[in-house]
Amino acid sequence: MTSLLKVEGLHKHFPIRRGVFRRQVGEIRAVDGVDLEIDTGETLSLVGESGCGKSTTGRLLVRLLEPTAGKILFEGADLATLSQRELRAKRQAFQIMFQDPYASLSPRMTVQEIVAEPLRVQGRYADGGPDRVRELLELVGLRPEHSRRYAHEFSGGQRQRIGLARALALDPRLLVLDEPVSALDVSVQAQVINQLRGLQDRLGLAYVFISHNLSVVRHISHRVAVMYLGSIVETGTRADIFSAPTHPYTQALLSAIPVPDPAGRDERERITLAGDVPSPSNPPSGCRFRTRCWKAQDVCAEEAPALIDRIGVGHPSACHFPEVPATVGGA
Ligand SMILES: Nc1ncnc2c1ncn2[C@@H]1O[C@H](COP(=O)(O)OP(=O)(O)OP(=O)(O)O)[C@@H](O)[C@H]1O
Ligand code: SF4
Ligand SMILES: [Mg+2]
C-alpha cells in the first residue's frame, strides 16, 4: 500500500552567518537525515528534547520550509517533480497547527473571517463559503453565534478549536500539530486530545503530533518516532516504544514520565542524562548520543549506528548495543 506521506533522507541545514559581510561560517544541522512514513488516518508522534529538530521536521513536511536535501513523496508522487499548480493543489492536503494559533491570528478578525480566510485565498469561498464555515465550527464543537466574536474573547482551549477549524477548512489529509496542547491546562488538554481523536475517526485524518509530553503522546499515538540532534534514534508502534524501548535515549526519556500512583510511590529507576545536548552545528562523531550515553564504547565514536532492527524486536533503533529492558512505564 502506498503511504500517504513518505520522506526519505530529509535534511534542513540553516547557515550560520557572521560579520558585516554575513559570511557563512558554519551550519546548524537541524534535521539531518530523517526517514518517515505516515499512513492515512494514523497518528505519528515526534518526541525528543528541545532543539532536536521536531518543529523543523514538521515545517518541512508541510513545505513551510524547503529541505536542504531529501525526498518528500505524497501518495507516491515526488513533490519536487510537480508543477507549481499541482504543488499548490497538493499543499492544501497538508496543514500545520501551532501551540498558540492566536499568535498568528489577527486580533481584528472575527472567528468567521479567521476560518473563512483559507477558503477565500483558494477562491473557494464564493461557492457555499458561509455554510462551510458553519460546518467547520460545528465540527470542532463551537456554536454558530461564536463566529461573530473575536479570537481574544475565547479561552485557550477554544482558541485551539478555532485554529483547528481554520486548519480543516481546505479538507486536509494530514495535519501537523506542533505542541498543540502544551499551553493548556491538563483538563482542557484532555478535551482537545479527545476532539482530535474524534475528528481523526470521522475524517480519516493523519496527524504528525509533536510534543514534549510523553503522557499525552502515549494517549494519542499509533506510532512514535524519537528524535535526537536532528535524526531519529528509534521508531515503532506505541507499544514498541513505551513497553520495549531498546535505545538508551528512549529509555531515559521514558524513565522521566511521572507514573500516577495513589500511594505516591514510584519505584522505577530514573535515568538522569549527563551533560547538555551538543550543538547541532557540531554534532559528535559516530553515534550522536554517545556524549551522554552510559553504554558508549569505542565503536560508538567511530561508526554512526544505522536505524535498523538488530535484535529482532520488530522495530528499529539506531544503537550498536540495543536492549530490550524490563517494561518501562507500560503501554
Ligand atoms: N530558522 C532557523 N534558523 C537557524 N536555526 C534554526 C532555525 N529554526 C530552528 N533552528 C535551530 O534548529 C534546531 C532545531 O530546532 P527546532 O525548532 O526544530 O527544535 P524542536 O525540537 O522543535 O525544539 P522545541 O522542543 O524547543 O520546540 C535548533 O538548534 C534551532 O535553534
Ligand atoms: S550506539 Fe553507543 S553511544 Fe549510541 S546509544 Fe548505542 S551504546 Fe549509546
Ligand atoms: Mg518545536
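Here are the numbers for the structure shown:
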| item | result |
| --- | --- |
| Unmet criterion (only one of (1) within 16 Å of ligand 1 (Cβ to nearest atom); (2) surrounded by 20 or more Cβ atoms within 10 Å (Cβ to Cβ)) for A169 | (1) |
| Test for L164: is it in contact (Cβ under 8 Å) with a residue 60 or more places away in the chain, of a type in the set (A, V, I, L, M), part of a strand (DSSP E or B) and away from ligand 2 (no atom under 16 Å from the Cβ) | no |
| Residues that are under 30 Å from I193 (Cβ atoms) and acidic (D, E), drawn from the stretch 116-145 | E117, D131, E135, E138, E145 |
| Answer residue from the stretch 294-331, given it is at pLDDT 95 or above, closer than 24 Å to R218 by Cα and of a type in the set (G, A, S) and is farthest from ligand 1 (Cβ to nearest atom) among those | S317 |
| Unique residue being within 23 Å of V277 (Cβ to Cβ) and surrounded by fewer than 19 Cβ atoms within 10 Å (Cβ to Cβ) when the list is R29, R22, R17 | R17 |
| Selected residue (only one of L46, L36, L65, L73 is under 19 Å from the mean Cα position of the chain (by Cα), among the aliphatic types (A, V, I, L, M), assigned to a loop (DSSP other than H, G, I, E, B) and buried (at least 16 other Cβ atoms within 10 Å of the Cβ)) | L65 |
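The rows are residues; the columns are (1) within 15 Å of the chain's Cα centre (by Cα); (2) at pLDDT 95 or above; (3) away from ligand 2 (no atom under 15 Å from the Cβ); (4) in a loop (DSSP other than H, G, I, E, B).
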{"position": "V226", "(1), (2), (3), (4)": "yes, yes, no, no"}
{"position": "T246", "(1), (2), (3), (4)": "no, yes, no, yes"}
{"position": "Q251", "(1), (2), (3), (4)": "no, no, no, no"}
{"position": "L254", "(1), (2), (3), (4)": "no, no, no, no"}
{"position": "V259", "(1), (2), (3), (4)": "no, no, yes, yes"}
{"position": "I271", "(1), (2), (3), (4)": "no, no, no, yes"}
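The values are calculated or read from the model by the stated rules, or taken from the named source; none is laboratory data. Since this is a predicted model, take the numbers as computed values, not measurements. Reconstructed Cβ throughout: ideal geometry from the backbone, glycine too, with neighbour counts over all protein chains shown.
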